[in-house]
Amino acid sequence: MTEHFIVEADAPCVQGHFPGMPVVPGAWLLGKVHAVLLARYPNWRVEALKKVKFLLPLLPEQSAQINIDDNRWPRVQVSVQRLDEAGEMMQILDASFVLVPA
């Protein structure tokens with residue numbers, strides 16, 4: 001499953017993070033992933049976050065996508081990628097969640 005998104009430059013999460021060099025906060029990215037997981041698996045909840053690696057920043061207005069791999073259910077592997085200047089996808093977040101029945 002893949003979900004595309006863009007964080008607008010005037011989004012509240014970006015304001016003040018950081019002045020003159022805005023980036024999308026890592027906590028916001030994890031919240032977005034959490035919301036996508038709950039929408040995809042409505043009868044489940046996140047019990048644990050087993051791994052989180054922030055590899056690159058996400059800047060406002062960059063096109064990004066969340067990729068979910070649930071082949072090791074109930075452990076779910078998530079990656080977030082963004083387009084670089086050349087139009088190539090680059091991984092910015094690597095995470096692993098454990099889900100349990102809600």
Inset, instruction - State whether the residues of the range 74-90 include one that is more than 17 Å from Glu8 (Cα to Cα), touching a residue at least 40 places away in the same chain (Cβ under 8 Å) and not β-branched (Val, Ile, Thr). - result: no
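Matching residues to (1) part of a loop (DSSP other than H, G, I, E, B); (2) on the phi < 0 side of the Ramachandran plot:
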site	(1), (2)
Gln15	yes, yes
Gly20	yes, no
Val24	yes, yes
Leu59	yes, yes
Asp70	no, yes
Gln77	no, yes
Phe97	no, yes
Legend entry - Evaluation of Trp28 against (1) part of a helix (DSSP H, G or I); (2) touching a residue at least 60 places away in the same chain (Cβ under 8 Å) (one fails), failing number: (2)
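For every residue, the table says whether it meets (1) modelled with pLDDT of 95 or more; (2) small (Gly, Ala, Ser); (3) touching a Pro at 6+ places or on another chain (Cβ under 7 Å).
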| site | (1), (2), (3) |
| --- | --- |
| Val7 | yes, no, yes |
| Pro19 | no, no, no |
| Ala27 | yes, yes, no |
| Leu30 | yes, no, no |
| Arg40 | yes, no, no |
| Glu47 | yes, no, no |
| Lys53 | yes, no, no |
| Ile68 | yes, no, no |
Legend entry - Which numbered condition Lys50 fails, given (1) closer than 16 Å to His34 by Cβ; (2) surrounded by 14 or more Cβ atoms within 10 Å (Cβ to Cβ): (2)
Legend entry - Search result, residues across the range 61-89 that are loosely packed, with under 13 Cβ neighbours inside 10 Å and aliphatic (A, V, I, L, M): Ala86
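The values are calculated or read from the model by the stated rules, or taken from the named source; none is laboratory data. The structure presented is a predicted model; accordingly, all values stated were derived computationally and were not measured. All Cβ positions, glycine included, derive from the backbone under ideal geometry; neighbour counts span all protein chains shown.
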